[in-house]
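Below is one structure; the comments refer to it alone.
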Amino acid sequence: MSEATAADAPAGEPAAPAELMFGVPVTRSRGQVVLHPDRAAYPGLVRELRAAGYWVCVDLCGVDHLGNAADRGLPAGVDPQRFEVVVNLLNHREPGRIRLRVQVPEDDPVVESLVPVHPGIENHERETWDMFGIRFDGHPDPTRILLPEDWDGHPLRKDDPAGRIPVQFKAAPSAR
Amino acid sequence: MTTLDPAPTTTPAASPVVGPSAVELHVLEDAVTRLHDDGAVLRLGEAEAEERSGYQPPTEEGVGERMIMNMGPQHPSTHGVLRLVLELDGEQVTRSKPVIGYLHTGMEKTGEQLTYLQGPTNVTRMDYAAPLFNELVFSMATETLLGVEVPERAQWIRMLMCELNRLSSHMLFMATNGMDLGAVGMMIYGWREREELLRLLEMVTGLRMNHNYIRPGGVAADLPDGFAERLDAVLDTLPDRLEEFDTLMTGQPIWRDRLQGVGVITAEEALALGATGPILRSTGYAWDLRRDMPYLRYDDVDFDVVVGSYGDCFDRYAIRLAEIRESIRIVRQCMDKMPSGDYRLQDKKVTPPPRARIDESMEALIHHFKIFTEGFKVPEGEVYVAVESPRGELGCYLVSDGSSHPVRMHIRGPSFANLHTLPHLMKDSLIADTVAIISSVDPIMGDVDR
């Protein structure tokens, strides 16, 4: 990918002491810039980034790392948690993207909502609540979006098994 | 409705173009505040909507009577299974809420069970009007994770096929947009053109839709013999047909009255709402990933980014019509500039060996078997890759743990994000215009619900 930051990015693993950008640890994944703010700093950082030109919040999604033993590419000082909220911001002035990965613990899956900053992200946050059970504090409509209101569970969690409808083989009614 | 200059134009006025440099931060922040204050989104649960359905007496605050009305999910103009809960003040829509999920099949969960090689078969079913773009973005994300570059010819074939797909997708829009607004003849014309384009896609991929043609490592097959001639024949007929569209719709006073000044959005509002594609460009804001963050070989072809000026339904229609013309230009350039060479990567760890090799080499047979049973392993990491689909930015976020299945496969569907503009576009519009507005957003519910 021709990301604007590809030139100064040693693709691959981050350096040992966490490098900082906008005051938070930064890594590069395949040349793409990834920031790792903590939960408290995250909405402020999004505002700061908007002032710096990253004014389109393109995407927000959750990730469940339950059972993921692989190296997650986190910088030193960032504790891996079960959930992650991943936000993609886009800079139109100097075309480039920046990604935020926020660690969200399993026992307290709450982050602050981005809706006051980026109203367009409302549905993405509803989807993340629906699919992962991550709550967004301050969200104007914290309801399910894709699944029915009375649905039990959050299907994109790793411990929510992919459903199969058991096939019941019954004897076909006999014509005789 | 405001009546604009009635002179027929085939392309929207290209000035004044608002580039990214012309938008100031405080304007954007004002737009965010305005969107919040407007309160165009109706936030009601099912039970509450049920309770409040029908006539509501005027409230103490002095607002007039309101009526909650349900529209869809089987309304013919809602493009599949979009449902809207509308709050009406007489004929006017005051607030609205799109209710989605009727087509949700858990494709992102399915994507975690499938190997990277099987992935395109899954994602191609999301935006079913533009399936090749889904395959493209998934394949590009996988290739970025793998750190491989596909051969040049494969990139040109991908570009060619995607532009053909953009043509067929916009033709579908022309058909449904016409149908929604009562130009029923247009439905047949749009479908006729689309069918001819789908036949071209079928000739290359074997399928009209859900092609599974673009795969990690390249494409599934080279262009067949005789393709260039058939393509030329179709491309030669299209400009005349587009002239007919102009006669039938663009210059027609009823058509213009029905669309001009309806569903207006400004550039700042579109940016704040994360809208992309024709919706953003209709406001005069020139942003197209193909030009601004080029992928494949879009650097090497010449095309214009078409923008509107009023951000209304007519501009969104006219932009798509103009984009058809631009795509024809790109397709022709692809055919001229396409080099010879491999149509897929020759890397036995990523792509299966050629059929002929399997007969003579045991090793090739083993690789073939392993790729199709176990898939290939992708180094750990995470990437986000985006392409410009006919509806806007289509993104794919992949997280790999080093195995042959992704830990997370997320598709950023442009229809899903664009759908959030609906309440804002519909605010204070007439109920009859909601149909024009839904149509102009061109949501594909497979992409919305995934």
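Return yes when B:Gly402 is touching a Pro at 6+ places or on another chain (Cβ under 8 Å), open to solvent by 10 Å² or more (accessible area, probe 1.4 Å), assigned by TED's automatic domain parsing to the domain that holds B:Glu269 and not in a helix (DSSP H, G or I) and no when it is not.
When the stated conditions are applied, B:Gly402 passes them.
So which of B:Thr250, B:Thr205 is modelled with pLDDT of 90 or more and surrounded by 15 or more Cβ atoms within 10 Å (Cβ to Cβ)?
None of the other options fit; the residue is B:Thr205.
Show the residue pairs meeting these rules: Cβ distance below 6 Å; 6+ apart or different chains; first residue within the stretch A:123-150 and under 20 Å from A:Leu66 (Cα atoms) and touching a residue at least 24 places away in the same chain (Cβ under 8 Å); second residue of a type in the set (Gly, Ala, Ser) and open to solvent by less than 40 Å² (accessible area, probe 1.4 Å).
Pairs found: A:Thr128/A:Gly62; A:Phe132/A:Gly62; A:Ile134/A:Gly62.
Do any strands (runs of 3 or more DSSP E) entirely within the stretch B:66-117 hold 2 or more residues that are more than 13 Å from chain A (Cβ to nearest Cβ), surrounded by fewer than 19 Cβ atoms within 10 Å (Cβ to Cβ) and at positive phi, and if so, which?
In the stretch B:66-117, there are no strands (runs of 3 or more DSSP E) which contain 2 or more residues that are more than 13 Å from chain A (Cβ to nearest Cβ), surrounded by fewer than 19 Cβ atoms within 10 Å (Cβ to Cβ) and at positive phi.
Within the stretch A:51-77, how many residues turn out to be touching a helix residue (DSSP H, G or I) at 6+ places or on another chain (Cβ under 7 Å) and among the charged types (D, E, K, R)?
Residues flagged as touching a helix residue (DSSP H, G or I) at 6+ places or on another chain (Cβ under 7 Å) and among the charged types (D, E, K, R) within the stretch A:51-77 amount to 2.
How many residues are within 14 Å of chain A (Cβ to nearest Cβ), touching a residue at least 24 places away in the same chain (Cβ under 8 Å) and not basic (Lys, Arg) when one looks only at the stretch B:342-381?
Residues meeting the conditions: 3.
Kindly indicate whether any position in the stretch A:140-153 is open to solvent by less than 80 Å² (accessible area, probe 1.4 Å), in contact with a Cys (Cβ under 8 Å, 6 or more places away or on another chain) and within 11 Å of chain B (Cβ to nearest Cβ).
No, the stretch A:140-153 contains no residue that is open to solvent by less than 80 Å² (accessible area, probe 1.4 Å), in contact with a Cys (Cβ under 8 Å, 6 or more places away or on another chain) and within 11 Å of chain B (Cβ to nearest Cβ).
Can we say B:Arg258 is within 18 Å of B:Arg329 (Cβ to Cβ) and assigned to a helix (DSSP H, G or I)?
No, not satisfied.
Go through (1) over 20 Å from B:Arg391 (Cα atoms); (2) in a loop (DSSP other than H, G, I, E, B); (3) not basic (Lys, Arg) for B:Gly274 and report which single condition fails.
Condition (1) is where B:Gly274 drops out.
Restricting to the stretch B:118-132, name every residue that is open to solvent by less than 10 Å² (accessible area, probe 1.4 Å), assigned to a helix (DSSP H, G or I) and under 15 Å from B:Ala220 (Cα atoms).
Hits for the stretch B:118-132 are B:Gly119, B:Pro120, B:Pro131, B:Leu132.
Assess whether B:Lys427 counts as being open to solvent by 10 Å² or more (accessible area, probe 1.4 Å), in contact with an Asp or Glu (Cβ under 8 Å, 6 or more places away or on another chain) and assigned by TED's automatic domain parsing to the domain that holds B:Ile324.
yes
Look at B:Met174 and say whether it is open to solvent by less than 20 Å² (accessible area, probe 1.4 Å) and within 14 Å of chain A (Cβ to nearest Cβ).
no
Does the stretch B:272-283 contain any residue that is away from chain A (no Cβ under 14 Å) and surrounded by 22 or more Cβ atoms within 10 Å (Cβ to Cβ)?
Yes: one or more hits.
Collect the residues in the stretch A:66-100 that are in contact with a Lys or Arg (Cβ under 9 Å, 6 or more places away or on another chain) and closer than 21 Å to B:Ala417 by Cα, keeping them in residue-number order.
Listed by number, the residues that qualify are A:Glu84, A:Val85, A:Val86, A:Val87, A:Asn88, A:Leu89, A:Leu90, A:Asn91.
Starting from residues that are part of a loop (DSSP other than H, G, I, E, B) and more than 13 Å from chain B (Cβ to nearest Cβ), keep the ones in the stretch A:37-63 and report whichever is surrounded by the fewest Cβ atoms within 10 Å (Cβ to Cβ).
If we take residues in the stretch A:37-63 being part of a loop (DSSP other than H, G, I, E, B) and more than 13 Å from chain B (Cβ to nearest Cβ), then A:Ala40 is surrounded by the fewest Cβ atoms within 10 Å (Cβ to Cβ).
Tell me, which residue of the stretch B:35-53 that is among the small types (Gly, Ala, Ser) and part of a loop (DSSP other than H, G, I, E, B) is nearest to the other protein chains (Cβ to nearest Cβ)?
If we take residues in the stretch B:35-53 being among the small types (Gly, Ala, Ser) and part of a loop (DSSP other than H, G, I, E, B), then B:Gly45 is nearest to the other protein chains (Cβ to nearest Cβ).
B:Pro423 fails exactly one of the following numbered conditions: (1) touching a strand residue (DSSP E or B) at 6+ places or on another chain (Cβ under 6 Å); (2) farther than 22 Å from B:Glu91 by Cα. What is the number of that condition?
Single failed check for B:Pro423: (2).
For (1) assigned to a loop (DSSP other than H, G, I, E, B); (2) open to solvent by less than 20 Å² (accessible area, probe 1.4 Å), each residue gets a yes or a no:
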{"residue": "B:Arg320", "(1), (2)": "no, yes"}
{"residue": "B:Ser340", "(1), (2)": "yes, no"}
{"residue": "B:Lys349", "(1), (2)": "yes, no"}
{"residue": "B:Ala356", "(1), (2)": "no, no"}
{"residue": "B:Phe372", "(1), (2)": "no, no"}
{"residue": "B:Phe376", "(1), (2)": "yes, yes"}
{"residue": "B:Pro379", "(1), (2)": "yes, no"}
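Filter the stretch B:144-171 for residues that are open to solvent by 10 Å² or more (accessible area, probe 1.4 Å) and in a helix (DSSP H, G or I) and give the result.
Hits for the stretch B:144-171 are B:Thr144, B:Leu146, B:Glu152, B:Arg153, B:Gln155.
Being at pLDDT 90 or above, open to solvent by 10 Å² or more (accessible area, probe 1.4 Å), at the interface with chain B (Cβ under 8 Å from one of its Cβ atoms) and under 25 Å from A:Gly31 (Cα atoms) is the filter here, so list the residues in the stretch A:81-134 that pass it.
Result: A:Arg97, single match.
The values are calculated or read from the model by the stated rules, or taken from the named source; none is laboratory data. Here the structure is a predicted model, which means the values were calculated and not measured. Note that each Cβ is placed from the backbone with ideal geometry, even for glycine, and that neighbours are counted across all protein chains shown. Ligands, DNA and RNA are stripped out before the accessible areas are found, and what is left, the full protein with its side chains, is counted by its heavy atoms. Shrake-Rupley method; radii C 1.70, N 1.55, O 1.52, S 1.80 Å.
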